[in-house]
């Protein structure tokens with residue numbers, strides 16, 4: 001009899017232990033957690049780039065991505081700054097020219113999950129992935145081509161010309177059409193770059209299906225950090241949805257002074273977007289593009305000055321340093337920034353979302369545990 005009671009006790013302890021490591025999330029909290037998935041998301045076709053659905057174009061874009069001949073001096077490729085082993089960014093605060101000088105005052109963003117973004121670039125200068133892919137090819141401080149020299153390089157380089165013909169057909173007579181096709185092939189490849197699933201995703205899915213044993217495998221510190229993230233911290237107001245971003249722009253109190261002046265952020269980005277012949281309203285746009293309405297109705301307003309894109313939070317561990325200018329080297333520094341936020345540096349219309357979190361050390365540790373769980 002004693003052995004029977006002992007066995008029953010062990011069975012009860014095992015069953016109780018299945019959920020002992022699980023916080024008692026409310027129905028509202030579970031709904032908020034659910035909104036950060038599923039992952040990976042269902043990919044929706046972007047009618048602005050018909051090449052994205054063509055395997056041959058994706059393969060050509062992959063070839064172009066690492067080809068240094070796409071730069072005017074033949075010394076840099078897309079992969080020079082968007083390094084695959086570094087989550088498709090470069091690990092530097094800001095990119096550097098070969099002489100060591102800054103090539104840009106802005107941090108190189110990861111390309112992972114870029115196909116899901118409505119706006120591309122820290123200032124939202126582009127409204128499609130293909131337009132964002134064309135810009136560095138034509139930037140004097142990046143790949144250094146003009147439309148004419150880029151097209152001439154492809155026509156004069158057998159490997160590039162043959163690759164185009166195999167993937168897309170005959171070379172077009174128009175230099176601009178050729179340049180746009182190269183950008184669309186590059187974008188088709190980048191659209192395949194999706195962040196891997198993480199410990200958070202396994203926890204979310206287990207929690208929603210009621211699998212308490214599996215959900216309890218997610219560290220309690222990360223669970224407490226998640227509760228803070230979706231609750232009192234209000235982080236999920238901006239870092240919303242499966243990619244942990246609302247896709248918009250905000251002033252978060254990071255100085256936007258740069259050598260020789262200021263970085264206007266979204267204010268300048270909107271001007272560049274609306275002036276670009278490669279936006280969703282331009283001559284290379286698709287007539288039935290449902291995403292064009294967003295571009296058609298944006299307004300350049302003073303409040304956009306100093307706002308920068310709200311980045312997604314997936315893969316954070318692999319994408320340091322942080323912020324639009326790469327000024328915060330670690331996740332600890334990012335959490336400290338929000339904990340000690342200087343409200344005098346913020347500008348906002350209407351309700352102010354951000355406020356200093358004033359986190360206790362234990363709260364900071366929990367929030368960091370959650371943020372780190374968004375990386376594999």
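The values are calculated or read from the model by the stated rules, or taken from the named source; none is laboratory data. Note that the structure is a prediction, hence the values are computed from the model and not measured. Reconstructed Cβ throughout: ideal geometry from the backbone, glycine too, with neighbour counts over all protein chains shown.
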Scan segment 54-67 and tell me whether some residue there is within 29 Å of residue 281 (Cβ to Cβ), part of a loop (DSSP other than H, G, I, E, B), in contact (Cβ under 8 Å) with a residue 60 or more places away in the chain and outside the structural domain of residue 241 (by TED's automatic domain parsing). yes
Filtering segment 25-45 for residues that are more than 17 Å from the chain's Cα centre (by Cα) and either part of a loop (DSSP other than H, G, I, E, B) or at pLDDT below 95 (or both) leaves a count of 4
Does at least one position in segment 346-360 carry a residue that is in the same structural domain as residue 241 (by TED's automatic domain parsing), in contact (Cβ under 8 Å) with a residue 60 or more places away in the chain, assigned to a helix (DSSP H, G or I) and over 23 Å from residue 222 (Cβ atoms)? no
Might you check whether a residue that is within 22 Å of residue 67 (Cβ to Cβ) and out of contact with any helix residue (DSSP H, G or I) (no Cβ under 7 Å at 6 or more places or on another chain) occurs anywhere in segment 112-123? yes
For residue 188, are the conditions met, namely being farther than 30 Å from residue 28 by Cα, crowded, with 17+ Cβ neighbours inside 10 Å and either within 27 Å of the chain's Cα centre (by Cα) or touching a residue at least 12 places away in the same chain (Cβ under 8 Å) (or both)? yes
When you check residue 209 against the structure, is it at negative phi and surrounded by 17 or more Cβ atoms within 10 Å (Cβ to Cβ), yes or no? no
Name every residue in segment 361-376 that is modelled with pLDDT of 95 or more and not in a helix (DSSP H, G or I), in order of residue number. 373, 374, 375
Here are some residues: 260, 315, 253, 241. Which one is closer than 30 Å to residue 34 by Cα, at pLDDT below 95 and outside the structural domain of residue 86 (by TED's automatic domain parsing)? 253
If you take the residues of segment 294-310 that are over 22 Å from the mean Cα position of the chain (by Cα) and not in a loop (DSSP other than H, G, I, E, B), which of them is surrounded by the most Cβ atoms within 10 Å (Cβ to Cβ)? 303
Scan of segment 257-275 for residues that are buried (at least 19 other Cβ atoms within 10 Å of the Cβ) and part of a loop (DSSP other than H, G, I, E, B), ordered by number: 263
So, in segment 26-52, of the ones that are under 23 Å from residue 197 (Cα atoms) and without any contact (Cβ under 8 Å) to a residue 40 or more places away in the chain, which residue ends up surrounded by the most Cβ atoms within 10 Å (Cβ to Cβ)? 31
Tally the residues that are at pLDDT below 95 and assigned to a loop (DSSP other than H, G, I, E, B), restricting the search to segment 107-117. 0
Answer from 225, 210, 233 - the residue that is over 22 Å from residue 119 (Cβ atoms), free of Cβ contacts under 8 Å to residues at least 24 places away in the same chain and either over 20 Å from the mean Cα position of the chain (by Cα) or outside any helix (DSSP H, G or I) (or both): 210
Would you mind stating whether residue 336 is surrounded by fewer than 20 Cβ atoms within 10 Å (Cβ to Cβ), assigned to a helix (DSSP H, G or I) and in contact with a strand residue (DSSP E or B) (Cβ under 9 Å, 6 or more places away or on another chain)? yes
If residue 122 satisfies every condition in (1) surrounded by 20 or more Cβ atoms within 10 Å (Cβ to Cβ); (2) part of a helix (DSSP H, G or I) but one, which is the exception? (2)
Specify which of the listed residues (214, 250, 206, 275) is more than 20 Å from residue 376 (Cβ to Cβ) and out of contact with any strand residue (DSSP E or B) (no Cβ under 9 Å at 6 or more places or on another chain). 275
